[in-house]
Amino acid sequence: MRVVIDTNVVIAGLRCSGGASHAIIRLVFARRLRPVLSVPLVLEHEEVMKRTGMLPHLEAADIEAFLDGWCACGIDQPVYFGWRPVLNDPDDDMLLELAVAGGVEFLITSNVRDFRPAGRFRVAVVTPAEFVSYYFSR
C-alpha cells in the first residue's frame, strides 16, 4: 500500500517507540507500507529531524542512516502539476500535490484539520491512529 506520510508523523514515530506513528514507521521498514516521497518532502524530513533538540537521542549519522533506509523503502514520485494554493500552509500543499500525483488513497498526518479543503481530491487525510486502526482491521 502506497501512502504519503507527513513529517510530523515521522518525528512522532522516532520520538516514541510506542503508538501509531511508530507502528507506521515499522510497517514501512517491514515493507508492508510504501511511503510516496519527493525530494522536497525528504529535505523537509531531514531539516526538521536535525533541528536542535528535536530528536536528542539520535546523532546526525543516525538520522542520515534512517533517511537512507526510508528512501530505500519509498517510491520517488515526481510532481508535474501544482494545485496551489488549496490549503493555508504551502508545506501542506506540497503533501497534497504529492498524494494526488502518487495516486495514493491515504495521506497520514497529525494535522488533519488543516487539510479539510483537500477532500475534493479523493485522498483520505487521516491521523496515524486512524490509519493504523484501518490497516489492521482489513
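Express the carbon and sulfur contribution to the solvent-accessible surface of the chain as a percent, rounded to the nearest whole number, probe 1.4 angstrom. Could the numbers behind the result be given before it?
Values: 3830 of 7280 Å².
Using a 1.4 Å probe with all protein chains present, the chain comes out at 53 percent carbon and sulfur.
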| message | Using alpha carbons only, how many angstrom separate the centre of the range 85-115 from the centre of the range 2-73? | response | 17 Å
| query | Any idea how far apart Arg116 and Ile75 come out in nm if each label point goes 7 Å out from Cα toward Cβ? | reply | 3.1 nm
| For labels at Thr127 and Glu46 in the simple 7 Å Cα→Cβ model, what's the distance in nm? | 3.2 nm
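Just the accessible area per residue of the range 49-121, please: how many Å² with a 1.4 Å probe? Please report the intermediate quantities before stating the final value.
Values: 4160 Å² over 73 residues.
Solvent-accessible surface per residue comes out at 57 Å².
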| query | Is it possible to state the helix-based mean residue ellipticity at 222 nm for the chain, with each DSSP H run of 4+ residues giving -39500 (n - 2.57), the sum divided by total residues, to the nearest 500 deg cm²/dmol? What is it? | reply | -15000 deg cm²/dmol
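Mind checking the full-extension length gain between Glu59 and Tyr134? Use 0.36 nm per residue of separation minus the Cα-Cα distance, one decimal, nm.
So the chain would gain 23.6 nm between Glu59 and Tyr134.
The values are calculated or read from the model by the stated rules, or taken from the named source; none is laboratory data. Note that the structure is predicted; figures quoted are calculated from it, not measured. We place every Cβ from the backbone using ideal geometry, glycine too, and count neighbours over all the protein chains shown. Keep in mind that these areas ignore ligands, DNA and RNA; they rest on the heavy atoms of the full protein, side chains included. Shrake-Rupley method; radii C 1.70, N 1.55, O 1.52, S 1.80 Å.
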